[in-house]
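Coordinate-derived values only; no laboratory data. From a predicted model like this one, the values you see are computed outputs, not experimental measurements. So basically every Cβ, Gly included, is an ideal-geometry build from the backbone, and we count neighbours across all protein chains shown.
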Amino acid sequence: MTVGSSPSSVPTSIPRWARLAWFVPGFLLLLAVVCYPILRTIFLSFTHESLATGFQPEFAAFDNFARLAGDSRLRSSIGATAVFTLVSVSAEFLIGLLLALAANAMQRWRNALRVILLVPWTLPTAVIAVLWTWIFNDQFGALNALLIRAGILSSPVAWLAHPGTAMTAMIVADVWKTTPFVFLILVAGLQNIPHDLYEAIEIDGGGAWARFRHVTWPHLLPFVFVALIFRIVQAFAIFDLVWVMTGGGPGGSTETISVYTYQTYMRYLDFGYGASLAVATVVILAITAGLLYRLLVKKYESAL
Amino acid sequence: MRTLLALLVTGVFALSLRGPGRDNADLSMLMEPDGAGVWSELIDDFHAQYPGLRVDLIEGPPATNTREDMYTTSFLSGAAGYDIVYCDVIWVPKFAAAGWLLDLTDRLSPADTMDFLPVDLRAGSYQDRLYRIPAFTDAGILYYRKDLVSQPPATFDELMRLGNEFKSADRSGFLWQGKQFEGLVTVYLEVLWGFGGDWIDATTHEVLLDRPEAIRALEFLKSTIGTISPHAVTTYVEEDTRNLFQNGRSVFLRNWPYVWTLLNESPLRREDRVGMSPVVHARGYKSAATLGGWGFGISRFTGNPDAAWQLVEFLTRPEQLMKVQTRLGRIPARKSLVPPEFQPILESARMRPPIPEYAPASDILQRWLSGALTGRTSPEEALKNAARETRALLGM
Amino acid sequence: MKVLSKLFLVVCCAAAMAPVGWHAISSVKSPSEIALIPPTLLPREPTPVNYQELFRRRPVFRYYVNSLAIATMSSVVCVFSASLIAYRLARIRGRLRSVIRAALLAIAFFPPIIFLFPLFELVRHAGLVNHPWGLILTYAALNLPFAIWLLTGSFEQIPIELEEAAAIDGLTGLQTYRMVILPLAMPVVISASILVFIFSWNEFMFALTFMNMESQKTLTLGVATLSGAFAYEIPWGQIAAGVIVSAAPLVILVILFQRRIVAGLTAGSVK
């Protein structure tokens, strides 16, 4: 077999085009829905195209990016996105990890457990937003009713009316939905760990913490890494939850960067600037991902 | 099993081919929520008078921003989504500049041109062409307790003095809408104009937010918080302030004309303890109320422009406008129908900047005003930043 | 320790079920009972009035049909295209393969907002605004990287000898794919189909932008925009009914296919 040729059942006498044909439907889709929009967005970010220009593109060089630099609303939306991502992902991982450790020991109820815990993840984020908006409602919401009945609160809290609590409410809703995903990934990781490694620690006299630190955690790292990457990217791009639950309020405090970009496109009709915001979003995400990669991968290089 | 699956998928495929239909209505209109049912009645009247036409009245959400976005998305997609636009005064420049509204200048009869309030016709125009036929007009009003204050204040100083004098433990001096939304802009503009300042020059697009008058105006508003106005005023919208005033919890209220009709239900009005006057201003300047109001435009993408015009013309007739006036308390934009007590106030009504970029400009101003009023920044800092961002927005 | 972890599990399960359970119970309470402060736990007299009002106010049945059509076709188109690519990708070695895999991964990490506006322009030019196929093609493409990734992993597991045997038997590539590979990879194909179905059913942002006619909206979009629609008192009973109406099909999916769903989600991480 020559180097580089594909060891497959398709004989090499078949013309090139037939071999490439397999890729055509998928690549056509990707070209139209992914590649072209990315290129067009980049193009638009270098133009002024808005209501003011009669929806015609005018070359703007770096004007939009200069405007980005002085945009206080962009800064606050990056802040809101960062807070949301950081707190939400941390909470999911903590709870997800504890859940995975607890569930791993159980054999009997595994199926029922999976169904129950999977339901929140399967529901649409937009509907989850509606669900939690009612629970957090100040007058009619179940949360206030519960807390007042339990004596923790004396009067209702208007969760969605104040910046701090509104963000908290959003994070609770997000953690509720996405912890099951982290849980599932980590459980899969835990099931991968050979038992004799645990036994070795026990023989050496180590307790639960030693087992965790020397066996469980190192083996879980690749799984943590995979789940972390997915979750950070998704949390960063969050739109549905914000749009339906708070609309970016109160006072723009929960407005994430996707929401600001959407408003710029669809409400302000400033397509050039909206495109530059979209480009900025991707750049920031790429930088964050790069930094995380350097930080985590370097640190845990041996384990991975 | 395989064939069953294949059949199911084919069936679903057939379902997926169904595109948007017209639902056999000739005209569709996106309205505000019709709790009182008056709009449905008007449409029924229209059907009776024009039996060949069917109108689909779609009740939209109460939030005006949301309806604006629904119209915008519909227009952007180029499809004939909604034929008639129930149009807020601040949407006209945006929709007209985008070319989404039909030019109605030549359709309006001379008689109607004389009867509609001039400022409302101007507000419905963009670059001297008419795109929106006015239905209702609105302007900011100062309501006051006649039984406490014999002579309503004319200046900011008088308002402060009287507010402080007559406030008590369960009665504020002055209530206004301080939440971060469009209403806050309308309140601020009245104070700003009262100080002789302005926001954006309509013709030159010059931004005037960092001038001393603008800063003084914001400082005045800020100074009311904690003195004649409660701290919670920064969370109030119109209904919150109306409810409080109606329950006797304030000496002065700045709100819109609809309150006057609703006050009929309260002892305050029946016992003649409430009066209304133009909004206050600084000494040496004039009172200026922010103009509001709604009207009807026609989508450029409509398939039935003449039928659409018939509906618009019908809905803006005096008989129809009076029906809404009686049931909802709105003030028709026709000289012949404006109650005399409102006339002086409506005459001093001023338009917000009729620029296509109104939505983002207003959002910028709202954010910074709210920041200053809640103490996050100083009024001067806030307005400097607002001016800078607005200039960047307008490409100045 | 064991007791503690069991307790923790119980608490988490309760937390997972309680919110939906609360909406289910509340959706059969009468509007006057829902407005009670403090709220009652169980309904005094269960009534279907919230569901009736909901179905009267909004074309919920149409929402269901739209979502079903869109999610199913997205899944079919996506998994079909993805499996064709995955079949070839599984057999390619060397740098080309790493490049393609990296590119697909990169695509999956773009925040969807970057695709939104140009796609809206495209859909508009194609006359597909308010048409199910505007969303179907969008969802099929956006889920393609994930589906390819999932299927490639599975196709790789199939021994090459099987394909070689088929070639000796005179089967073409397409026939080998259909009669040998697919049946063996069926579990993963099912997983991918279900997951793409769920992702398409749940999507909101593109549905919000491409569908502005009530009769064309998806169920997720219709229910999510429900709560902004009321002027005075928000009828929370109807909102609860809306939540249950959109949750029900997905809960059924989970109960029926939880093994496949979990397998699909965890496939990539278990190398």
- Task: Write down the radius of gyration of segment B:186-329 and its Dmax, each obtained from C-alpha positions, in Å.
- Result: 19.7, 57
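Over 18 Å apart: what share of the alpha carbon pairs of segment A:205-270 falls there, rounded to a whole percent? Write out the running numbers ahead of the final one.
Working: 1238 of 2145 pairs.
For segment A:205-270, the share of Cα pairs beyond 18 Å comes to 58 percent.
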- Item | Relative exposure of C:Ser193, B:Ser378, judged by other C-beta atoms within 10 Å (fewest first) | B:Ser378, C:Ser193
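Within 10 Å of each residue's Cβ, count the other Cβ atoms and sort C:Ser246, B:Ser150, B:Ser299 from fewest upward. Provide the component values of the computation, followed by the final result.
Numbers: C:Ser246 30, B:Ser150 8, B:Ser299 25.
Fewest-to-most ranking of C:Ser246, B:Ser150, B:Ser299: B:Ser150, B:Ser299, C:Ser246.
Give the order of B:Tyr258, A:Tyr260 when sorted by the count of other beta carbons within 10 angstrom, beginning with the fewest.
Details: B:Tyr258 17, A:Tyr260 25.
Fewest to most other Cβ atoms nearby, the residues stand as B:Tyr258, A:Tyr260.
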- Sort all Cα-Cα distances of chain B into consecutive 10 angstrom bins from zero, then give the percent of pairs in each bin up to the one containing the longest distance. 5, 21, 29, 23, 13, 5, 2, 1, 0
- Task: Please list the non-local residues whose amide H lies under 5 Å from the amide H of B:Val85, H modeled 1.01 Å from N, same-chain partners needing a gap of 5 or more.
- Result: B:Gly297, B:Ile298, B:Ser299
- Give the angle, between 0 and 90 degrees and rounded to the nearest 10, that separates the Cα long axis of helix B:2-16 from the longest principal axis of the Cα atoms of chain B. 60 degrees
- Can you give the Kirkwood hydrodynamic radius of chain C from its Cα pairs, in Å with one decimal? 21.5 Å
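How big, on average over all directions, is the shadow cast by the Cα convex hull of the protein assembly as shown, in nm²? Walk me through the numbers on the way to the answer.
Details: hull surface 181.6 nm².
Value for the protein assembly as shown: 45.4 nm².
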- Query: Each label point is 7 Å from the Cα along the Cα-to-Cβ direction; what then is the distance between the points at A:Ile229 and A:Leu86, in nm?
  - Reply: 2.4 nm
- Of the trypsin sites (Lys or Arg not before Pro) in segment B:119-162, those whose Cβ has at most 16 other Cβ within 10 Å and which sit in DSSP loop: B:Lys146
- Message: Quick query: amide H of B:Phe195 versus all other amide H atoms, modeled in the peptide plane; which residues come in under 5 Å with a sequence gap of 5 or more or a different chain?
- Response: B:Ala282
- When the Karplus curve 6.51 cos²θ - 1.76 cosθ + 1.60 is applied with θ = phi - 60°, which whole-Hz ³J(HN,Hα) does each residue of segment B:50-59 get, with x for Gly and Pro? 10, x, x, 10, 10, 10, 9, 8, 9, 7
- Message: Which log10 I(q)/I(0) values does segment C:1-160 give at q = 0.19 Å⁻¹ under the Debye formula, counting every alpha carbon as one identical point scatterer?
- Response: -1.10
- Item | Protection proxy ranking of C:151-161, A:194-204, C:134-144, A:264-274 - average other beta-carbon atoms within 10 Å, highest first | C:134-144, A:264-274, C:151-161, A:194-204
- Treating the Cα atoms of segment C:1-68 as identical point scatterers in vacuum, please give the log10 of the normalised Debye intensity I(q)/I(0) at q = 0.16, 0.27, 0.28 Å⁻¹, two decimals. -0.74, -1.09, -1.12
- Query: In terms of the Cα gyration tensor, with a ≥ b ≥ c the square roots of its eigenvalues, is chain A rounded because a/c is under 1.5, prolate because a/b exceeds b/c, or oblate?
  - Reply: oblate
- Write down the Kirkwood hydrodynamic radius of segment A:5-121, to one decimal in angstroms, obtained as one divided by the mean of 1/r over all alpha carbon pairs. 20.9 Å
- Unit-weight point scatterers at every alpha-carbon of segment A:103-191, Debye formula, q = 0.25, 0.26 1/Å: log10 I(q)/I(0) is -1.15, -1.20
- Query: Order of B:7-13, B:60-66, B:82-88 by packing, highest average Cβ count within 10 Å first?
  - Reply: B:82-88, B:60-66, B:7-13
